[in-house]
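These notes are about the structure you will find just below.
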Amino acid sequence: MSDMPSEKAEARAIRRRWISLGELVAVAGVLIAALTLWLNWADRRDTTAAEAAKAAAATRKAARATLIGRAERGGERVRLNDPAQPALASIDVAFPRALGIAAQTAVVDPRIEADWVREALLKATDGGKDAVRGTVPLLITATISEGDRPATDRAIYDLVFATEGRTFGGRALRLEGAVFRERVGADGRARLEALWATEAKRLAAAIKE
């Protein structure tokens, strides 16, 4: 009978150890659950971010047009198109201010007409030899009808042209094509003017060679 108190004390100690172990297991379970939840959240966050980046890249690609300009009708027109951008709806074309050419808009049928630039370019290349080949930068804003909200893409293109003398006097202008130069943002007009300032100097030197 004298051993019973010690046995009871030992039993209580064992129960306390089991309770402590149970608490540790419970705490570990909570920690594991919290870690699992955090890992799942982190995975979802990374997946969402990757999907958002992919969607943004797709949107940027869908909202861009890289036009190819080919001469038609003996150089009287340059037809513009982008085979990879079927949603191209229209273009607005701006010219360097010094040339005095009014801005033009082409809907459905993106193009540049020689009549738009003939007088100004013949004047800009006058005073020297008849045959001159050069480029004039254009600021083209393309409107892309993709979904419910049309997007715009602004870029500089080089319009390639050539002048030549006529048999019975005067000079003629022929358009040869248009080449993508660079994509621009809100500073597109300033960039256009800077490029033309450089090209105008080159043309001035070329007509006097």
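The values are calculated or read from the model by the stated rules, or taken from the named source; none is laboratory data. The shown structure was predicted, so the numbers you read here are calculated from the model rather than taken from an experiment. So basically every Cβ, Gly included, is an ideal-geometry build from the backbone, and we count neighbours across all protein chains shown. We work out accessible area using only protein heavy atoms, side chains counted, and drop any ligands, DNA or RNA first. Shrake-Rupley method; radii C 1.70, N 1.55, O 1.52, S 1.80 Å.
Okay, here's what the table says:
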{"item": "Selected residue (only one of 84, 114, 103, 89 is among the hydrophobic types (A, V, I, L, M, F, W, C), without any contact (Cβ under 8 Å) to a residue 60 or more places away in the chain and farther than 24 Å from residue 194 by Cβ)", "result": "84"}
{"item": "All positions within the range 16-75 that are assigned to a helix (DSSP H, G or I), at pLDDT 80 or above and under 30 Å from residue 184 (Cβ atoms)", "result": "73, 75"}
{"item": "Qualifying residue in the range 192-202 (condition: part of a loop (DSSP other than H, G, I, E, B) and either surrounded by fewer than 16 Cβ atoms within 10 Å (Cβ to Cβ) or out of contact with any strand residue (DSSP E or B) (no Cβ under 7 Å at 6 or more places or on another chain) (or both))", "result": "no"}
{"item": "Whichever residue in the range 178-209 is of a type outside the set (A, V, I, L, M) and closer than 13 Å to residue 124 by Cα and, among such residues, is nearest to the chain's Cα centre (by Cα)", "result": "196"}
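Okay, residues lined up against (1) modelled with pLDDT under 90; (2) of a type outside the set (Ser, Thr, Tyr); (3) open to solvent by 60 Å² or more (accessible area, probe 1.4 Å); (4) closer than 17 Å to residue 70 by Cβ:
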site: 114; (1), (2), (3), (4): no, yes, no, yes
site: 121; (1), (2), (3), (4): no, yes, no, no
site: 127; (1), (2), (3), (4): yes, yes, yes, no
site: 144; (1), (2), (3), (4): no, yes, no, no
site: 167; (1), (2), (3), (4): yes, no, yes, no
site: 170; (1), (2), (3), (4): yes, yes, no, no
site: 174; (1), (2), (3), (4): no, yes, yes, yes
site: 177; (1), (2), (3), (4): no, yes, no, yes
site: 182; (1), (2), (3), (4): no, yes, no, no
